[in-house]
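Below: one structure, written as structure tokens.
The values are calculated or read from the model by the stated rules, or taken from the named source; none is laboratory data. In this text, all values refer to a predicted model and were calculated from it rather than measured experimentally. Every residue, glycine among them, receives a Cβ derived from its backbone with ideal geometry; neighbour counts consider all protein chains shown.
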Amino acid sequence: MLQPSLFDDSALGAELGELNALTRTPLTQGAWVDTAPGWLSGSDALFERLVDTVPWRSERRQMYDRVVDVPRLVSFYDERAPLPDSMLVTSRDSLSAHYARELGEAFVTSGLCYYRDGHDSVAWHGDDTGRSRTEDTMVAILSLGAARSLLLRPRGGGSSLRFTLGHGDLLVMGGSCRTWEHCVPKSKRPTGPRISVQFRTRGVR
């Protein structure tokens with residue numbers, strides 16, 4: 001069960017903050033990360049709606065000599081699919097407008113991950129499927145629900161950076177972000193559920 005944030009007053013309705021207040025952290029090889037804590041106020045109500053309305057599905061993957069359950073639920077909306085909530089449309093369009101000059105195109109797809117508790121996670125990986133294998137691009141991550149750690153490190157290993165994201169926080173990876181990897185590690189501490197919404201451009205997964 002989600003423990004509501006004291007700083008996320010859903011009674012006032014959902015509202016986006018100013019993207020001009022983003023903080024940019026330069027990384028190596030031309031990569032960077034923008035962050036905006038609490039960008040979406042009233043986000044806990046959106047979290048509850050998505051839990052109930054998104055057609056969540058489980059995945060299974062080959063792991064060495066056996067097939068295992070992926071430790072999270074997922075849902076993907078391509079550019080032709082209507083998003084499950086109008087606030088996701090508003091968020092995507094606001095991000096597309098803000099980054100239009102730098103990105104040169106709009107965010108058109110949305111991938112959702114549902115981390116039900118601290119046992120759910122995603123291992124180290126990079127956004128390097130499709131165009132992002134060779135082209136600079138962006139992925140904007142809107143985090144809803146309980147706060148979880150997101151770690152970034154240079155591809156191939158190295159010191160990692162930790163960001164704690166939840167309750168409407170925004171993180172955008174851009175530039176040569178394909179040269180970095182990220183993960184959401186398991187948590188040994190009791191933690192509530194979280195939904196990660198990833199907005200991407202055409203041909204990027």
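Values as computed for the structure displayed
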| item | result |
| --- | --- |
| Filter pass, Leu165 being under 12 Å from the mean Cα position of the chain (by Cα) and in contact (Cβ under 8 Å) with a residue 24 or more places away in the chain | yes |
| All positions within region 85-128 that are without any contact (Cβ under 8 Å) to a residue 24 or more places away in the chain and among the basic types (Lys, Arg) | Arg101 |
| Residue check for Leu103: hydrophobic (A, V, I, L, M, F, W, C) and either more than 13 Å from the chain's Cα centre (by Cα) or more than 16 Å from Gln198 (Cα to Cα) (or both) | yes |
| Residues being charged (D, E, K, R), within 24 Å of Asp136 (Cα to Cα) and modelled with pLDDT of 95 or more - total across region 80-100 | 2 |
| Qualifying positions in region 37-79 - modelled with pLDDT of 95 or more and polar (S, T, N, Q) | Ser41, Ser43, Thr53, Ser75 |
| Elements of type strands (runs of 3 or more DSSP E) contained in region 116-204, each with 2 or more residues being of a type outside the set (A, V, I, L, M, F, W, C) and surrounded by 20 or more Cβ atoms within 10 Å (Cβ to Cβ) | 139-145, 169-175, 180-184, 194-200 |
| Answer from Asp44, Asp52, Asp34 - the residue that is in contact with a strand residue (DSSP E or B) (Cβ under 6 Å, 6 or more places away or on another chain) and farther than 22 Å from Thr134 by Cβ | Asp34 |
| Failed criterion for Ala11 (all others in (1) touching a Leu at 6+ places or on another chain (Cβ under 8 Å); (2) at pLDDT below 95 hold) | (1) |
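Listed here are the residues, each with its yes/no results for (1) of a type in the set (Asp, Glu); (2) more than 22 Å from Ser41 (Cα to Cα); (3) in contact with a strand residue (DSSP E or B) (Cβ under 7 Å, 6 or more places away or on another chain).
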residue: Ala106; (1), (2), (3): no, yes, no
residue: Gly111; (1), (2), (3): no, no, yes
residue: Gly118; (1), (2), (3): no, yes, no
residue: Gly126; (1), (2), (3): no, yes, yes
